[in-house]
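Q: The structure is given below, and queries will be raised subsequently.
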Amino acid sequence: VVRAVAYGEADAVVTFFTEAAGKVAAVARGCRSARRRYPGVLEPMHTLRLVLRERAGAELASVERVAIEVARTRLVTDLDAMTAAGTALRWVRVGCPPRVPEPAIWSDLVGLLDALEAGGGGLSPAERLAGVGLRLLGHLGYGLDLETCVGCGRAGEPGRAAHADPVRGGLVCRACGGGPLVLSPALRHALVAAQAGGAEGTEGGVALVEQAIAAHVRPGG
Ligand SMILES: [Zn+2]
């Protein structure tokens, strides 16, 4: 569940990020009535098994059946983990177009939620989040170039801090105008590794991803 908005007296419009069909919005009837259907199920951190009904001509699908497939109840007791998970779900919600399957984003997101639920593993929630966010940008076609200047193509100098502009898509050297974020050599190295699947040392990358997502989001998305 990446979003739920109250609808009518007792219903909600719930936006799901699904493995099979990408982002899909559906009406969940009765989920807010006194005798609630699906109590506790339509929460954001779990993996659900979902049956949707589509009607010809109807804009929204409706939830036919839903059950928890993987419950993640420990995650919500850890504020940092919950913040990281909530941010990732928001990035998916605003970044992914409706009804386009995104298997790589799906598996990365499920991996993040599982890791946050398990805890430990030597990485902080923010490090894991930054890694997922950098790869999410790549999957959406907004991947950041953190090795060469997006203006002139000159390679960033190893061992020196580099300017980055998430709106322009990566590093921007001084001669090309620089950028609002300054990446230390260590952070830039970690972020480049994260694009290929790592996460260590990337905490500082969350702001970069946040700005890149904001720059590409459709209004009202
Ligand atoms: Zn340049």
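The values are calculated or read from the model by the stated rules, or taken from the named source; none is laboratory data. This structure is a prediction, so every number in the text was calculated from the model and none was measured. With ideal geometry, Cβ positions are generated from the backbone for all residues, glycine too; neighbour counts draw on all protein chains shown. Only protein heavy atoms, including side chains, enter the accessible area calculation; ligands, DNA and RNA are left aside. Shrake-Rupley method; radii C 1.70, N 1.55, O 1.52, S 1.80 Å.
Q: Quick one: which helices (runs of 4 or more DSSP H) sit completely within the range 49-165 and have at least 2 residues that are open to solvent by 60 Å² or more (accessible area, probe 1.4 Å), free of Cβ contacts under 8 Å to residues at least 60 places away in the same chain and aliphatic (A, V, I, L, M)?
A: Details: elements: 79-95, 103-118, 125-139.
In the range 49-165, the matching helices (runs of 4 or more DSSP H) lie at 79-95.
Q: If S33 meets every condition in (1) closer than 13 Å to V14 by Cβ; (2) at pLDDT below 95 apart from one, which number is that one?
A: The one condition S33 does not meet is (1).
Q: Follow-up question, since we're still on this one. Mind counting the residues in the range 173-221 that are part of a helix (DSSP H, G or I), loosely packed, with under 13 Cβ neighbours inside 10 Å and modelled with pLDDT under 90?
A: Summing the residues that are part of a helix (DSSP H, G or I), loosely packed, with under 13 Cβ neighbours inside 10 Å and modelled with pLDDT under 90 in the range 173-221 gives 0.
Q: Taking the condition basic (K, R), within 23 Å of the chain's Cα centre (by Cα) and within 16 Å of the ligand (Cβ to nearest atom), does R188 pass?
A: yes
Q: In addition: Taking the condition of being part of a strand (DSSP E or B) and closer than 20 Å to D108 by Cβ, how many residues in the range 1-29 meet it?
A: Number satisfying all stated conditions: 8.
Q: Condition first: within 21 Å of I105 (Cβ to Cβ) and not hydrophobic (A, V, I, L, M, F, W, C). Now tell me which residues in the range 122-161 satisfy that.
A: P125, E127, R128, G131, G133, R135, G138, H139, G141, Y142, G143, D145
Q: Can we say R32 is of a type in the set (K, R), under 26 Å from A85 (Cβ atoms), assigned to a strand (DSSP E or B) and out of contact with any helix residue (DSSP H, G or I) (no Cβ under 7 Å at 6 or more places or on another chain)?
A: Values: of a type in the set (K, R): yes; under 26 Å from A85 (Cβ atoms): yes; assigned to a strand (DSSP E or B): no; out of contact with any helix residue (DSSP H, G or I) (no Cβ under 7 Å at 6 or more places or on another chain): yes.
Spelling it out, it is not the case that R32 is of a type in the set (K, R), under 26 Å from A85 (Cβ atoms), assigned to a strand (DSSP E or B) and out of contact with any helix residue (DSSP H, G or I) (no Cβ under 7 Å at 6 or more places or on another chain).
Q: Evaluate the following for L75: is it modelled with pLDDT under 95 and within 17 Å of V110 (Cβ to Cβ)?
A: yes
Q: Now a separate question. Within the range 158-177, how many residues turn out to be within 12 Å of the ligand (Cβ to nearest atom) and of a type in the set (K, R)?
A: Result for the range 158-177: 2.
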